[in-house]
Amino acid sequence: MAIDITRIFKKKQSDLLERWMKNQLADASLREDLMSNEDLRIESDELISALVNSLNDQTLGDPDSGEFDHVIEILSGISISRARHGFSPREIGLSIISLKEALMEMIQAEVKDTKDFVDISMKLGRLMDNFSIITFETFIKGREEVILRQTDEITEISTPVIRVWDGIIALPIIGTLDSARTQVVMESLLTEIVESGSSVAILDISGVPTVDSLVAQHLLKTVSATRLMGAECIISGIRPEIAQTIVHLGIDLSDIVTKASLASALQYAFRSLRLEVRKQVKSI
């Protein structure tokens, strides 16, 4: 290579940073509500410093060089951080593209020989494209972590165990039951049985949209686990269409107490515990 472009990058590192900052700030989709310009500059400066220090005649043509490990580490950190803060894939991609544009602008200003310009541009283009792929892969992993965490939080929130009376707890189930959620339901229910000393547990499935053989099996497992803890389990919220589906599937719930509504299940629980609730009539 007739011209040492990597030496030029090192010499004009601050100029390269300003070019990149200018490109990023010119983007209309820049989310200043998610990141301040000062934080953006700090991230950009760190990445450019690592990139410039890693570039030489050999690494420029070798995107897989181990010299770029620190660059990739910084890129990955930026991608995961922005994924967690709510940036979109487009915003991440535009950030890397704007860096590539800044590098190309500097090449165009410094390299006059056409052959050298084409050679450097192609090598730098492949390098930045490789960084873009790594950035997107890391971003996706970061978003997956966020989604999994939010899913766990939603699952916990959607399975609240309620102490409706001394010795009686209820767990309203909303949404579809799967193996993972059934595990959460059972853990929550059994933990509350132990902590409250309840002898009756009500599973209300009025918020479950459909019941198939798999959902029924999950319910049976939950009932069995509850009985092993010494508590009686009642399933409430059996709507007519769900009852027809259960009969059609040939699922045997004959040994389980089922009620059409939570109120009916609560009345049954009161009778089981020999409790009586009376309405007090005011005397005039």
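Things worth noting here:
- The single condition from (1) in the same structural domain as residue 231 (by TED's automatic domain parsing); (2) of a type in the set (S, T, N, Q); (3) buried (at least 18 other Cβ atoms within 10 Å of the Cβ) that residue 135 fails is (1).
- So residue 98, is it part of a helix (DSSP H, G or I) and within 22 Å of the chain's Cα centre (by Cα): no
- Some residue of the stretch 212-222 being part of a helix (DSSP H, G or I), charged (D, E, K, R) and within 30 Å of residue 76 (Cβ to Cβ): no
- Residue check for residue 60: under 23 Å from residue 15 (Cβ atoms), part of a helix (DSSP H, G or I), more than 30 Å from the chain's Cα centre (by Cα) and touching a residue at least 60 places away in the same chain (Cβ under 8 Å): yes
- Odd one out for residue 6, checked against (1) at pLDDT 80 or above; (2) surrounded by fewer than 16 Cβ atoms within 10 Å (Cβ to Cβ); (3) hydroxyl-bearing (Ser, Thr, Tyr): (2)
- Taking the conditions (1) over 24 Å from residue 82 (Cβ atoms); (2) in contact (Cβ under 8 Å) with a residue 24 or more places away in the chain in turn, residue 138 satisfies each one other than (1).
- If you go through the stretch 162-191 and keep only what is at positive phi and either at pLDDT 90 or above or in a strand (DSSP E or B) (or both), you end up with just 167.
The values are calculated or read from the model by the stated rules, or taken from the named source; none is laboratory data. Given the structure is predicted, the values throughout are model-derived calculations rather than measurements. Counting neighbours? That spans all protein chains shown, and the Cβs are built from the backbone with ideal geometry, glycine included.
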